Structure formats: structure tokens, C-alpha cells
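The structure appears below as C-alpha cells.
The values are calculated or read from the model by the stated rules, or taken from the named source; none is laboratory data. These numbers were taken from a predicted model, which means no experiment stands behind them. Cβ coordinates were reconstructed from backbone atoms using ideal geometry, including for glycine residues, and neighbour counts include every protein chain displayed.
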């Protein structure tokens, strides 16, 4: 049962109530599946390619964070992802089953690559969270004994925070 | 195999064939460390997605290059990935080359 991937769509068609739920085991293999789901939702909402890429990356980082730091890579623990369209905003809620406070993960500023180079740190801490903060319009983190809930908000009227068109150099 | 490698006397050209540079492909990318030369160029033409796990793998190549006084460059980077690299300050350590700059670097190192 723990390897089951569940995708549900509910709510009435329309811009104020559509909900898509994806539930995956805590395994990096399934993170790609959520990423594909994010692309499908972004295309359905008419996101620009740049905005779509921003959302895909932010969702990927949040899901990886839930798998690694929330559920501690325990494949028996699940990660739930919910896409909710509410008025002119998209909320992507990523829920894990981990314990412990996680609020300190937010707003640490840009992780230092130089520290990694100078001190041999294995990985700059908070790189994924930093990227999320740069790519989404708003972010919210809640923790309780059930786990962590990470909500990313995307304004549907915004077409990419940097306004960059997709192309290869 | 999701990576192919071309080498000259002083250069290594690494084509990443996987469309995702993420946790699943990171190990294979890290393994090219031993094949880097004076000039190493990573070709991202086939890459559609990069996340922080992939960036961490690229940082290991940056560290290896600096350790040996080598130079690491990127080519065929999408505008989105350029933006992400800028966000995390990676371009200071792995500059992106355009077509002409790339040809010149390889020619110098051939």
C-alpha cells in the first residue's frame, strides 16, 4: 500500500473550487510524478512557460523537502500534494508526516556557495527553501503533531517573477 | 548511460542527456569529476529541469575544478535555468558560454 500513488480530482469545474490531490510514498522516484502533475495543472491554468517552470521547480523542492526532512526518507510515510484554485490564486499545499518544528527553515537568506567552497560543506543549507521563496508569490509553513504543511501561493495574474522568456542561448 | 563525454588533450566536453538534473541523476553527474581537464564544458542542451539536488551535484564539479585550478563552463542553458543559477550565485563559479565563446575555449584547449 505504501507504494501506491493516488491522484484525485474533485470540486466543481470553475475557477474558484478546483482541487487536485496527489499522494505519493516518500521516494524520490515519485517526486517526478508530482512534478509532471504540477506541469499539467499549470498548463490547465494557462501559465506562461516561465511561470510554469518556476512552479515546477518550487513544487519539486517542497516535495523533496517533505521526503528528506519531513518524512526522513521513510517510504512508509506519505507526502500529500494538493493543488487548489481559489479566486485568482493557486495554492499548492505539500504535507508530510514528520514531527518537529520546521518554521526555522524559512527566510535564512541566500545560502552561501562560497562557504561550501571554503569550508567543504556537503551542501549549502536551505538551497531548496531559498529557491521556493524566490519563485513563489507567498509561502506559509505550519507544523503540528501530524506533520508539516507547506503552502505555496501563485498569483494567477503574474506571468513569471522575473518576466524571462524561455529560450536556449 | 545518460552522459556522453568528449575529450581533447586539455578539455572535456560533457553532454548531459538526461532531461532532469535532480536527485536521481545527481550521482552520475558527480562521477564525471575524475574526467575533468583544464577546461570542462557542461552541455545542458537536453536538460529540461534542474533542482537543488542537481545544483548540489554541479557544485561538486565546481569544487573539483577549483581544487585543481581548472575551469568549468556551461553551454546551452535555458533562460529559466540561467535565472536559477543566478539566484544561487552559481554563475560566478560556472559561467555560461555562448556558441562563439564555447568554440574559442575548446579551440584554445585542443
Subset tally (residues that are in contact with a strand residue (DSSP E or B) (Cβ under 9 Å, 6 or more places away or on another chain), under 28 Å from residue A:63 (Cα atoms) and without any contact (Cβ under 8 Å) to a residue 40 or more places away in the chain) for segment B:16-51: 21
Residue tally, condition under 14 Å from residue B:13 (Cβ atoms), surrounded by 14 or more Cβ atoms within 10 Å (Cβ to Cβ) and either facing chain A (nearest Cβ under 10 Å) or touching a helix residue (DSSP H, G or I) at 6+ places or on another chain (Cβ under 6 Å) (or both), over segment B:62-100: 5
Residue match in segment B:34-49 (condition: part of a helix (DSSP H, G or I), within 12 Å of another protein chain (Cβ to nearest Cβ) and at pLDDT below 95): no
Test for residue B:107: is it facing chain A (nearest Cβ under 7 Å), out of contact with any strand residue (DSSP E or B) (no Cβ under 9 Å at 6 or more places or on another chain) and in a helix (DSSP H, G or I): no
